[in-house]
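Here the structure is laid out as structure tokens; the discussion comes afterwards.
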Amino acid sequence: MQKITEKLLLEKATPKTNKLEQIKALNLSKMGLKLQDLPVKLLSRLQSLEKWDLSGNMLQEFPKSLELSTLRCLDLSDNQIEDVTTLNSLSNLEEIKIDNNLYITVSDSYKLMVLLPNLRIYNGKDVTSSANHLRYVYSDNLRTRIAALWEKNFCARDPITAGKLSDLEIDFISTARKQVKFGPSSVSDFTKWRVEILAKEYLRSLTEPKEKPDSEESTGTKMNCDVSKPAKRKQSQLVINTNISLTPRKKACTDPPASSAEDSPRQSRFRLKPQRQTPSSTVRMSPRKTSQPPATPSRGESRPETPKRSSEVQQINEDGTRKKQKQESAGKKGLQRDADMLHTAETCSRTQQPVSLKPLHVLQCHSKQDSLEDFSTQLWACAFQPLPDSAGNAGGSRLVATCGGDSICLIDCEMGMVMKKYKVPGEEFFSLAWSTVLMSRGGTASAQHCSILAAGGKRGIVKLIHPRNNVAYGEFRASRKALSVLRFNHYQGNFLFTGSYDNKILMWDIGGVDSQYNFKIVQLLVLEISATPLHICLPPTAPSVHLLAASEDGLHCYHTQLGANNSNKRSKEMEITFPIYKKEDKDHDYHTIDGLSFLNDDIVASKNYMYGCIYLWSWSRTKVKRPDRKSKTVCAVVLAELQWVSTEIPYLALNTCPGQAYIVCGDDKGKIWTYHITNLQKNSFHTGKPILPTEVLEWPTLVRNGLGQVKGPSINSIATDPELCYLVALSDKNMVIVWKREESL
């Protein structure tokens, strides 16, 4: 490594000059530089420097006191940057490269967009719209919550004076960092950092009178702490156009969403009308057949696809809190179905009030060839990201993964932004699944838990993605035919089950990864099934040794415990049947189970599309029954039936939110049927009388500019986060709909 001297700087400068003050471009790349090797006093003389290349060094941070007012472009790629806040002195910076820095996260990217007010290009992508959203829209929401926190917990204290400000600041900021929540959990570090800054500004504003006498809001003075709430912000029309391709690479880095100009004519926009209107029915071709996988919807070009922010509605403040009520005891256990239901539903949730969900965002982000006219790409699966804590336990997130066509999108439900996108030209993704595995960091450093995403489809290949570092780190072939479903074992996150169109379910050990994303795949089990598997469920209770597989030929149970005495190739242990099977004829086959999910440790929800009800049945009581010796069948112990829609459209998957005791299922007209089981337990259950839904969410009235109303499509898949703050539905018309929980005061 050469010492940084005036002579060296002049040699590395462009164009050549004999004065440091006249240097406009400087290349100090690949010199092994560390922070202590950068002489601040000498570098401060570069008052005309516009472009500086520091790539390929060993910098962990930027010199804090180095101010270069003319610097416009900085390259810090392939370093060891950990703290981006040291770049705040470069206020006029317009372009920065910081990729291939292992420790840079999405939160760090967001911090840079706020710290550098003129930043437009980040790692070669235009982030103008994304940065403005964070600087203004995101910050305004945080300010609103900070003001509400002040009024609720701090306003009643003694009047604020400059002398007391320092003592109050510590308490207020600490409380704000803990209680002010907004945005996805994946960027909580950025949110806390931003809250701290805005809370300090808010406190100072209480002791400094406003300069404008005609301000609409009264200003708190030193003798008065009664601060009025900020006026509601008008609905933002900011449109985000995100295009991030996750290509496999060795070193981890995080790229923020690239955004085009707000006025781009290529944006697809919808308007959500407030009135409710019954949508018209639509016609859809059956997406999957027993004999072969779905046909690829397009033979599009392989150029990058740009997802579109379709609409944005005014956000609802979450300052109100829900009142919680204690559950009533279920009483004595009985053998009747209603008594069983009362007993088992009692453990579903502590919340007894039904939630209210309102449409928030509509996104058209899986379009073929970036076409605004693409209303044919079918979206198949979605799941919220589980965020692991230090012990590896998964928590809730606001980031949802969706798949359809040749792409996978990661969407922030609060902001309605596509945060990341993964695209494989020629692929058609049918399923995805989240898990938490260990990532080793080398040396003496302890391994850390990280969330990964697996996805598969028509090609029979499983893609493994580490979204936090924007890395598609590997793939492996799971079948010669298309993959229909993927599911991780929630107790052993490295165990992955894949179901395919060759009528097999395979169990894999994908292991963990190291800092260079090396991994190893081992096949553990082969489960033979008589038809294409559509859903895979694992009982929530430990030990998890059974697997339920819903298929076009019924519901089958398998034993999956590994052991020296067990073969790695197994057939079904038993088949679970339902009472409706007795009514089958040549026109009605009720064996296709196209919806399956556990509501709690015991209750299972399942459905057949030709039967207009959803079964709720007991897993524990069904499991202990003795199967028929010849057919290996056992009839499910049905607890209740939930009224659903009468349709001939298959593969409309249901889902559950166990923590909130909710079952949700879409239909073929864009409606979403919701069932609050804790609420239903107050009713009497009568055999043969289906229970009505708690609420049916109507398809939002969407109007495309100049093209009229968009009719309700079939809802292929639904997901909710664990707290039921958000509900995401995927349609067969290339639309992702996000509903948000409306809190009751």
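The values are calculated or read from the model by the stated rules, or taken from the named source; none is laboratory data. It should be emphasised that the depicted structure is a prediction, and the values quoted were computed from it without experimental measurement. No Cβ is skipped: glycine too gets one built from the backbone with ideal geometry, and neighbour counts run over all protein chains shown. Heads up: the accessible areas ignore ligands, DNA and RNA and are worked out on the full protein's heavy atoms, side chains in. Shrake-Rupley method; radii C 1.70, N 1.55, O 1.52, S 1.80 Å.
Points to keep in mind about this one:
- Surrounding net charge for Glu82, when Lys and Arg each add one and Asp and Glu each subtract one, Cβ distance under 11 Å: -3
- The residues Leu115, Leu702, sorted by heavy-atom accessible surface at 1.4 Å with ligands and nucleic acids left out, run Leu115, Leu702 from largest to smallest.
- Kirkwood-based shape ratio for the stretch 64-120, expressed as Rg/Rh from alpha carbons: 0.92
- Two-decimal Rg/Rh across the stretch 24-120, once Rg and the Kirkwood Rh are taken from alpha-carbon atoms: 0.92
- The heavy atoms of Asp370 present about 20 square angstrom of accessible area, all protein chains included, probe 1.4 Å.
- Spin-label proximity, Glu201 to the stretch 176-195 - amide N less than 13 Å from point 7 Å beyond Cα toward beta carbon: 194-195
- For Thr144, the solvent-accessible surface with a 1.4 Å probe is about 40 Å², rounded to the nearest 10.
- Across the alpha-carbon set of the stretch 509-584, the Rg to Rh ratio works out to 1.09, Rh being the Kirkwood radius.
- Chain lengthening between Tyr581 and Thr541 when straightened (0.36 nm per residue, less Cα-Cα): 11.5 nm
- D (Stokes-Einstein, µm²/s), Kirkwood Cα radius, the stretch 76-207, 0.692 mPa s at 37 °C: 204
- Accessible surface ranking for Asp668, Asp83, 1.4 angstrom probe, highest first: Asp83, Asp668.
- Within the assembled protein chains, the solvent-accessible surface assigned to Ser77 is about 20 Å², based on a 1.4 Å probe.
- The modelled label-to-label distance between Gln448 and Glu151, using points 7 Å beyond Cα along the C-beta direction, is 3.9 nm.
- Val114, Val738, ranked by accessible area, largest first (probe 1.4 Å): Val114, Val738
- Linear extension gain, His559 paired with Glu373, 0.36 nm per residue minus alpha-carbon span: 62.3 nm
- Subtracting the Cα-Cα distance of Ser620 and Gln22 from 0.36 nm times their residue separation leaves 207.4 nm of extension gain.
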